[in-house]
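A.B. asks: Structure provided below as structure tokens; questions to follow.
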Amino acid sequence: MAQPGGSVAPYPSAPGGYGDPSQAPPPGFNMGYNQGPPPVMYQPGPMGPGPVPGPEYGGPPGGISPAPAMAPAAVAVGVPPGLEYLTQIDQILIHQKVELLEAFIGFETNNQYEIKNSLGQKIYKAKEKNDCCTRNCCGSLRSFDMKIKDNTDREVIRLIRPLRCVSCWCPCCLQEMEVQAPPGTTVGYIKQDWHPFVPRFSIQGENKETVMKLEGPCFACNCCGDVNFELKAKDSDKSIGRISKQWSGLLKEVFTDTDNFGIQFPLDLDVKMKAVLMGACFLIDFMFFEKVGEANQRSTVFS
């Protein structure tokens, strides 16, 4: 506007250039930007001629299967290839996939599992390798090889279970499992310890030295609740983790043998022992919660 003297006042501005440095910036503008920790890296998908498209916005969570991975420079020495991500987590979720043929006609098929982190992201997949005769004749006692693969379809862990009896009165032939990571390199064993009432296991290293103990309840049946197998140090009764059989709901528990498990362990536990605990979870599933045809699941060390 024109002033009384006929002159036009200049546009008001703070000395020193545009804007007033003493004033705060507008909301949403971060003057002290701090980059913070690097974003979570995801396990790469299969290599192809071009970039792999990401998930569509608003898509179903079940279709997302990334697995965070460490940068190559941060990988610790001695970590088996494919197990780098296990160094960053202290719990794992294992979900058995529903087999329609098995659910409807009772024909036993190879068990398949999805292994996820606490956010529900798939980090591994596991599949039993067995023949039809062994599955349907030997039932839950059957021997098998189980392959655990990452999201790039690379086999990172192999579980080997020989055929063993179930009688608690025969301590010379108890259950056991060998864990290899990568396949061909043994990193540990799971061996059942003799006890007349309580399921007990030794978590062993590659030289068959006992590292930890695993102890379950006398009656391993999840009647509307979880069943916990406590993980303990070799010379202590203090729990440092657990393997939990989680209640899946009445319909699934009665009509199928699909199981959900959770594994908790110390964050700084040797990654090889974390892989062995995964094997222990599968062994517990077959021993106590596998159901073949019309046969009931095994609930104690006697049956």
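The values are calculated or read from the model by the stated rules, or taken from the named source; none is laboratory data. Model, not experiment: these values are computed from the prediction. Counting neighbours? That spans all protein chains shown, and the Cβs are built from the backbone with ideal geometry, glycine included. Side chains included, ligands, DNA and RNA excluded: accessible areas come from the protein's heavy atoms. Shrake-Rupley method; radii C 1.70, N 1.55, O 1.52, S 1.80 Å.
A.B. asks: Could you please give the count of residues in the stretch 114-172 that are at pLDDT 85 or above, over 24 Å from Ile203 (Cβ atoms), open to solvent by less than 40 Å² (accessible area, probe 1.4 Å) and not small (Gly, Ala, Ser)?
C.D. replies: 2
A.B. asks: Shifting gears a bit: Check whether at least one residue in the stretch 215-230 is modelled with pLDDT of 90 or more, among the charged types (D, E, K, R) and out of contact with any His (no Cβ under 8 Å at 6 or more places or on another chain), and report yes or no.
C.D. replies: yes
A.B. asks: While we're here: Output the residue which, of all residues in the stretch 231-254 that are open to solvent by 20 Å² or more (accessible area, probe 1.4 Å), closer than 19 Å to Ala280 by Cα and among the polar types (S, T, N, Q), is modelled with the highest pLDDT.
C.D. replies: Ser239
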